[in-house]
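**Student:** Structure below; questions to follow.
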2 protein chains.
Amino acid sequence: MSQIRKDPLSGRHVLIAAGRAERPGHSTTVAASEPCPFCAGNESMTPPEVFAIRKNIEAGTIGWSVRIVPNKYPALLRNAGEQRRIEGFYAGAPALGAHEVVIESSEHIVNMALLSKGDFAIVLQAYRARLQQLRSEKQWSYLLVYKNQGARAGATLEHIHSQIIALPDVPQQTTEEIDNNRNYFERYGRCLSCQMIEQESINRSRLVIDDGHFVAICPFASRFAYENWILPKRHTSLFENGSEEDLIHLAGVLREMLIRLDRAVDHLSFNYVIHTAPSDSDDDRDYHWRIEILPRISTPAGFEWGSGCFINPVAPEAAALRLGNLG
Amino acid sequence: MSQIRKDPLSGRHVLIAAGRAERPGHSTTVAASEPCPFCAGNESMTPPEVFAIRKNIEAGTIGWSVRIVPNKYPALLRNAGEQRRIEGFYAGAPALGAHEVVIESSEHIVNMALLSKGDFAIVLQAYRARLQQLRSEKQWSYLLVYKNQGARAGATLEHIHSQIIALPDVPQQTTEEIDNNRNYFERYGRCLSCQMIEQESINRSRLVIDDGHFVAICPFASRFAYENWILPKRHTSLFENGSEEDLIHLAGVLREMLIRLDRAVDHLSFNYVIHTAPSDSDDDRDYHWRIEILPRISTPAGFEWGSGCFINPVAPEAAALRLGNLG
């Protein structure tokens, strides 16, 4: 049984997910497992799908483009029960939540940058649709889409995929960010991210792409070498509220950034995360959704775990210059 | 010029240390560089030492046991200047601080667990002496000792070594921990860590070692598989205030834990960090010093970066049972 536990010293939450030690690869290497459970034809190797996009359904084919299935080794359980476990001054509870896998191609592709712009749009449509469904279940306060590509990014299967989690409570990190946003708004009458986008558009030294709808920037306090964020220029809180046109623009910018990172970094491994608002409102003034792309070149080490500060050996201005020149 | 920058959304601090990209290894592998700059005879390959322990000084030999030198690729600079850089709504400043390397053996040893108990005590004496010196400089509010051993833990040189940093300001993570401690003390009239040690000593399911002076436990909310903490049983705030007897007991417990981890985990990479109080007082009721040993088996991935929660696939109770049985 997975548990969520709180460290009394730091306030940090941890999912103790003992079942996950059985999963393939243990992330020391990415298993090129044969047969691959994510390839077309091997659908029976995964739990039954909860969502799919089929390109040619009208032509009577059964081929899928994107499939979403429950994670076979979930860190969270939908039927985790209600009982809180208190052990002396420790607080723990069954790890309630949804944990799903988005299989992003029926073919055995291992690098997302190889997908076409149309394929990217279909993947984003799948994220959007599934987040909307999870939101409608009403029991989740926090939704997160994330991708691990490459062994150094923690991937255990190489076939391109992302994961979606839904949690009943908003994690401390997100609560703190919302507090910072709220304080900024109360002080300056403006969304912090809107202000940041404006400043980066004027300064331009950390701006990589501006397609009129989205910007891609290397953030001022990047934790990772070549870290970059994609944000909608118009203030919106919910990724999953994006229009068809929004998704097509986003598909173009996200694909372009992954292609440029692939050129800039040998053997690129990366994570990306989609931060969408905990609230149901698309014009929540305290939240501006974004994608963070986090290349994994060096690894956080003793200094980072000890102090909570990151060391980044590549200045964001240098990263933006290089990524800009690769366009 | 290194900079310390604050992310306005999260409040997170980052050291932008562009010079460090030149250091060997880039942490994809640990360089077995030949000749090794940390071996006896190659002292001229490092900056001049700031501290050393020589075993046989009275016998007229020049052999050293432990040497401390400034980091050749520092993330922090002692002469960083004073000027704060404000760029629009961003806050950055020159990265002022000390960043030193503790070379823990004159021989080319790559696994600290192979040192004798006496050698461990000498290493701890060197940490203690250097922290006392840095503390006496009066300009540092935060001191941290940390070790990276193995490529997966971010080490770039294999010869055993640790690092010491000194910062003018206390990082947010430590400030939050002190706040949690203070709140606990105000509510329950007791140090949170003292309470934790008592509870673990009664419960015993996460207790690995109790030598009467120190306990080694797998903490309730361990982030990492086989994570363990060593704490003094008597309430003390400052690692560097430890007596000779304290260090000898600690040397025994630390060595024993590293030996057991080495047996429990194939190709062990790990970080350890020594958390000592920011304050000058050894009986600061809001701080209880500790060592955290963090094995690096899987890597934090999209879920961790996105949510700020960790997923740990090995329950601390299972880890403690295994480490207990390896004694």
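The values are calculated or read from the model by the stated rules, or taken from the named source; none is laboratory data. Because the structure is a prediction, the values reported are computed rather than measured. With ideal geometry, Cβ positions are generated from the backbone for all residues, glycine too; neighbour counts draw on all protein chains shown. Just the protein is used for accessible areas: all its heavy atoms, side chains included, with ligands, DNA and RNA removed. Shrake-Rupley method; radii C 1.70, N 1.55, O 1.52, S 1.80 Å.
**Student:** For n ≥ 4 DSSP H runs only, could you compute -39500 (n - 2.57) per run for chain A, divide by its residues and tell me the 222 nm figure to the nearest 500?
**Tutor:** Working: 6 runs with 86 residues, N = 327.
Value at 222 nm, helices only: -8500 deg cm²/dmol.
**Student:** Shifting gears a bit: So for segment A:149-217, averaging the separation of alpha carbon pairs under 8 Å that are six or more residues apart and normalising by length, what relative contact order in percent results? All intermediate terms of the calculation are to be shown ahead of the outcome.
**Tutor:** Details: 28 pairs, mean separation 8.7, N = 69.
Computed value for segment A:149-217: 13 percent relative contact order.
**Student:** Using Cα pairs under 8 angstrom and six or more residues apart, how large is the relative contact order of segment A:129-184, in percent? Display every interim value, and only then the final one.
**Tutor:** On the way: 46 pairs, mean separation 19.6, N = 56.
About 35 percent, as a whole number.
**Student:** If you take every DSSP beta bridge whose two residues both sit in chain A, what share of them, in percent to the nearest 5, is antiparallel?
**Tutor:** Values: 51 of 53 bridges.
The antiparallel proportion sits near 95 percent.
**Student:** How big is the A-B contact in terms of buried accessible area, both chains counted, 1.4 Å probe, rounded to the nearest 100 Å²? Can you show the working numbers first?
**Tutor:** Details: alone 16110 and 16060 Å², together 25080 Å².
Heavy-atom accessible area buried at this interface is about 7100 Å².
**Student:** Can you sort B:SER162, B:SER116 by solvent-accessible area, 1.4 Å probe, largest first?
**Tutor:** On the way: B:SER162 0, B:SER116 50 Å².
Ranking B:SER162, B:SER116 by accessible area, largest first, yields B:SER116, B:SER162.
**Student:** Between copies, how far apart are the B:LYS233 label points? List them in nm, one decimal, shortest first, with each point 7 Å from Cα toward Cβ, please?
**Tutor:** Inter-copy label distances (nm, one decimal, shortest first): 6.7.
**Student:** What gaps in nm, shortest first, separate A:ALA129 from its twins in the other copies when you place the label 7 Å past Cα toward the beta carbon?
**Tutor:** Label-point distances to the other copies, shortest first: 6.9 nm.
**Student:** While we're here: Can you compute the charge dipole magnitude of segment B:238-327 about its Cα centre, using +1 on each Lys and Arg Cβ and -1 on each Asp and Glu Cβ, nothing else charged? Give it in debye, rounded to the nearest 20.
**Tutor:** Details: 7 positive and 15 negative charges, 136 e Å.
Its charge dipole is roughly 660 debye.
**Student:** Evaluate the relative contact order of chain A (contact order divided by residue number), counting alpha-carbon pairs under 8 angstrom at least 6 apart; express in whole percent.
**Tutor:** Working: 644 pairs, mean separation 55.4, N = 327.
Computed over chain A, the figure is 17 percent.
**Student:** While we're on this one: Over chain A, with every protein chain in place, what whole percent of the accessible area is carbon and sulfur at 1.4 Å, could you tell me? Don't jump to the answer; show the numbers that get you there.
**Tutor:** Values: 6340 of 12570 Å².
Answer for chain A: carbon and sulfur cover 50 percent of the accessible area.
**Student:** Can you list the distances in nanometres, one decimal and ascending, from the B:GLY189 label point to the identical position in each other copy, with the point 7 Å along Cα to Cβ?
**Tutor:** The projected label point of B:GLY189 is separated from its counterparts by 5.2 nm.
**Student:** Here's something else I'd like to know. Heavy-atom accessible surface, probe 1.4 Å, ligands and DNA/RNA ignored: which residues of segment A:183-230 lose at least 30 Å² versus the isolated chain?
**Tutor:** A:LEU192, A:MET196, A:GLN199, A:PHE220, A:ALA221, A:ARG223, A:TRP229
**Student:** Moving on. Per residue, how many Å² of accessible area does the protein assembly as shown show with a 1.4 Å probe? Write down the numbers at each step before the final one.
**Tutor:** On the way: 25080 Å² over 654 residues.
Per-residue accessible area for the protein assembly as shown comes out at 38 Å².
**Student:** Obtain the nm distance between the two label points defined at B:SER44 and A:ASN183 by a simple spin-label model: each point lies 7 Å from its Cα along the Cα-to-C-beta direction.
**Tutor:** 5.3 nm
**Student:** Which of the lysines could a cross-linker bridge to A:LYS72, judged by Cα under 24 Å and excluding same-chain residues fewer than eight apart?
**Tutor:** Excluding near neighbours in sequence, the set is A:LYS138, A:LYS147.
**Student:** Quick check: pseudo-label points 7 Å beyond the Cα along Cα→Cβ at A:GLU198 and A:ASP211, how many nm apart are they?
**Tutor:** If labels sit at A:GLU198 and A:ASP211, their model points lie 2.5 nm apart.
**Student:** Right, another one. Please work out the C-alpha center-to-center distance from segment B:164-184 to segment A:282-317 and express it in whole Å.
**Tutor:** 20 Å
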